[in-house]
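Report on one structure; see the data block that follows.
The values are calculated or read from the model by the stated rules, or taken from the named source; none is laboratory data. This structure is a prediction, so every number in the text was calculated from the model and none was measured. Glycine also receives a Cβ, built like all others from the backbone with ideal geometry; neighbour counts cover every protein chain displayed. Areas reflect the complete protein model, heavy atoms only, side chains present, ligands, DNA and RNA absent. Shrake-Rupley method; radii C 1.70, N 1.55, O 1.52, S 1.80 Å.
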Amino acid sequence: MRTWIQDIGKKENGEVKIYGWVETRRDHGKIIFIDLRDKTGIAQVVFGTEDKELYQKANKLRNEWVIKIEGTVKKRPKGMENPNLTTGNFEISAKNLEILSEAKTLPIAIDKDGYEINEEARLRYRYLDLRRKRIFKNLKCRHLAFKFIRDWLTNKGFLEVETPILGKSTPEGARDYLVPSRLERGKFYALPQSPQQYKQLLMVAGIERYFQIARCFRDEDTRGDRQPEFTQLDLEMSFVEEHDVLSLVEALFTDLVKKIFPEKQITKIPFPRLDYQEAIKQYNSDKPDLRKNKNNNNELSFVFIVNFPMFEWKKESSYAEASEGKEKRLAGRSLGEGRWDAVHHPFTRIKNEELRIKNRGEFIKYIKENPQELIAHQYDLVCNGYEIGGGSIREHNPEILEAVFEIMGHNKKDIREKFGHLLDAFEYGVPPHGGIALGLDRILMILMNEPNIREVMAFPKTGDGRDLMMGAPSEVDKNQLKELGLEIKSRRKVGTPTEASEKTKR
């Protein structure tokens with residue numbers, strides 16, 4: 001039976017069988033020392049000349065070869081202990097060696113933190129980069145944090161539910177990644193930017209407390225703390241108010257830091273709640289860094305930003321116009337080319353509750369005529385100057401939700417086509433609900449003092465969205481395109497690189 005290296009101290013004078021990678025090899029006259037590494041630690045293995053065949057075999061070993069060792073665990077000679085290793089009081093006297101796999105000289109060094117190495121080289125050989133102690137530690141902390149979150153929310157009555165990856169393209173913010181359908185040519189699935197509509201439908205279904213550690217996809221312009229695909233903690237709850245959501249998130253992060261990252265100190269508990277306008281006025285930012293000492297990596301300053309505007313004016317529309325060439329009338333006024341867009345997303349509940357309660361018709365008329373004055377039940381969670389989460393209390397009235405889409409420039413036909421499933425669901429007994437989505441990659445980046453989110457992901461893309469290890473994105477076989485009814489059209493303009501566009505044939 002295999003013995004993990006971390007457990008050899010329990011086997012003193014006993015026989016063990018260990019597997020791993022050769023970390024280093026040292027020759028001391030008639031003795032060869034091998035530092036053998038598995039995922040739990042490093043053990044020193046000793047080969048003497050008593051067994052010449054075994055000694056000669058050990059003499060061939062090189063760094064990163066994969067081997068199996070059988071031998072006896074012994075205490076190291078007095079004065080030869082290594083306090084830097086958890087196994088530093090012991091060594092293994094080898095009796096048998098099996099070389100399982102040889103290794104060429106590594107194209108990148110893995111014995112240091114790796115910050116000094118070109119990132120493209122690290123990502124090209126990511127399977128080697130992952131052997132680095134720092135990166136392995138990051139992945140282990142990620143696992144422990146995810147497990148803690150799952151257990152914590154389960155104990156709070158939440159149900160983890162997986163939602164589809166292949167869904168419908170809807171205008172909610174960033175560009176969608178599209179997946180063509182082979183069976184229905186000319187039609188496409190979209191990868192989820194978030195499980196937003198699905199989690200709201202789960203509230204209609206009576207789940208009441210949902211969470212998911214969800215994979216999300218956004219075709220955004222590149223930035224240091226963005227990736228084409230990322231992981232977020234998605235939460236939704238029925239019969240809650242804003243305070244309930246914020247209090248739950250605060251308790252989750254307080255307990256998570258205390259349990260998994262005890263070296264970190266949270267600046268202030270309860271987390272401060274700062275009005276959006278006040279944040280802009282005082283800090284010129286809606287994600288202020290409120291640490292007392294910004295040079296202290298172990299200080300965590302959480303703050304909730306609340307009372308965001310519901311709408312903002314965007315000069316360029318990212319959605320298809322309802323009627324091309326026709327001047328749009330938005331909110332009863334002309335503001336030039338552009339449209340109103342939701343600051344968070346259109347499913348956010350609008351405040352001004354006294355008017356809503358008094359007369360729904362008057363409320364709908366008011367929001368259509370005064371989009372610039374509306375305040376949203378939106379909230380962001382900020383830590384050390386990074387936005388790490390955002391959420392809202394949702395609008396669950398289909399009439400008001402439809403009015404919001406109209407303010408954003410959608411006509412009724414488009415609304416029914418894009419969001420009819422949600423509006424229909426809200427006709428069958430929808431509870432008031434709200435939630436939040438928290439960017440786990442960014443949170444872990446902060447907690448592990450890393451410069452970007454790529455350092456806490458197993459297989460990240462480059463800053464411009466390429467997978468150098470797998471060679472993606474890549475061209476595909478023409479027969480695959482033919483099956484999908486797609487054709488790649490290329491054209492070259494003078495003085496510009498080749499531009500490619502996809503044309504769908506039905």
Residue within region 391-414 that is of a type in the set (S, T, N, Q), out of contact with any Lys or Arg (no Cβ under 6 Å at 6 or more places or on another chain) and open to solvent by 50 Å² or more (accessible area, probe 1.4 Å) present: yes
Test: residue in region 11-33 that is out of contact with any strand residue (DSSP E or B) (no Cβ under 8 Å at 6 or more places or on another chain), in a loop (DSSP other than H, G, I, E, B) and either more than 30 Å from LYS140 (Cα to Cα) or open to solvent by 20 Å² or more (accessible area, probe 1.4 Å) (or both): yes
Output for region 51-63, where each listed residue is of a type outside the set (S, T, N, Q), over 13 Å from ASN96 (Cβ atoms) and out of contact with any Lys or Arg (no Cβ under 9 Å at 6 or more places or on another chain): LYS52, LYS60
Residues located in region 196-206, provided they are modelled with pLDDT of 95 or more and either in contact with a His (Cβ under 8 Å, 6 or more places away or on another chain) or open to solvent by less than 60 Å² (accessible area, probe 1.4 Å) (or both): LYS199, GLN200, LEU201, LEU202, MET203, VAL204, GLY206
Sole exception among (1) closer than 30 Å to GLU23 by Cβ; (2) under 18 Å from the mean Cα position of the chain (by Cα); (3) surrounded by fewer than 19 Cβ atoms within 10 Å (Cβ to Cβ) for ALA121, by number: (2)
Criterion (part of a helix (DSSP H, G or I) and touching a Leu at 6+ places or on another chain (Cβ under 8 Å)) met by exactly one of LEU422, LEU381, LEU355: LEU422
Residue within region 94-101 that is of a type in the set (Gly, Ala, Ser), in a strand (DSSP E or B) and either without any contact (Cβ under 8 Å) to a residue 12 or more places away in the chain or loosely packed, with under 14 Cβ neighbours inside 10 Å (or both) present: yes
Single condition HIS345 does not satisfy, out of (1) within 30 Å of VAL257 (Cβ to Cβ); (2) surrounded by fewer than 23 Cβ atoms within 10 Å (Cβ to Cβ); (3) touching a Lys or Arg at 6+ places or on another chain (Cβ under 6 Å): (3)
Members of region 210-228 that are under 29 Å from TYR428 (Cα atoms) and crowded, with 19+ Cβ neighbours inside 10 Å: TYR210, PHE211, GLN212, ALA214, CYS216
Residue identified as more than 17 Å from the chain's Cα centre (by Cα) and at pLDDT 95 or above among ARG209, ARG215, ARG182, ARG175: ARG209
Evaluation of GLN232 against (1) surrounded by fewer than 17 Cβ atoms within 10 Å (Cβ to Cβ); (2) closer than 30 Å to LEU123 by Cβ; (3) at pLDDT 95 or above (one fails), failing number: (1)
Yes/no for GLU324 being out of contact with any strand residue (DSSP E or B) (no Cβ under 9 Å at 6 or more places or on another chain), at pLDDT below 85, farther than 21 Å from GLU241 by Cα and not polar (S, T, N, Q): yes
Which numbered condition LYS489 fails, given (1) more than 30 Å from LEU300 (Cα to Cα); (2) open to solvent by less than 80 Å² (accessible area, probe 1.4 Å); (3) modelled with pLDDT under 90: (2)
Where GLU50 falls short, out of the listed (1) in a loop (DSSP other than H, G, I, E, B); (2) surrounded by fewer than 16 Cβ atoms within 10 Å (Cβ to Cβ); (3) in contact (Cβ under 8 Å) with a residue 24 or more places away in the chain: (3)
Flag for PHE136 being open to solvent by 80 Å² or more (accessible area, probe 1.4 Å), touching a residue at least 24 places away in the same chain (Cβ under 8 Å) and in a helix (DSSP H, G or I): yes
Hits in region 161-195 (condition: of a type in the set (A, V, I, L, M, F, W, C) and either in a strand (DSSP E or B) or open to solvent by 80 Å² or more (accessible area, probe 1.4 Å) (or both)): LEU166, LEU178, VAL179, LEU183, PHE188, ALA190
Residue, farthest from GLU450 (Cα to Cα), within region 264-304, restricted to residues that are under 23 Å from the mean Cα position of the chain (by Cα) and among the acidic types (Asp, Glu): ASP286
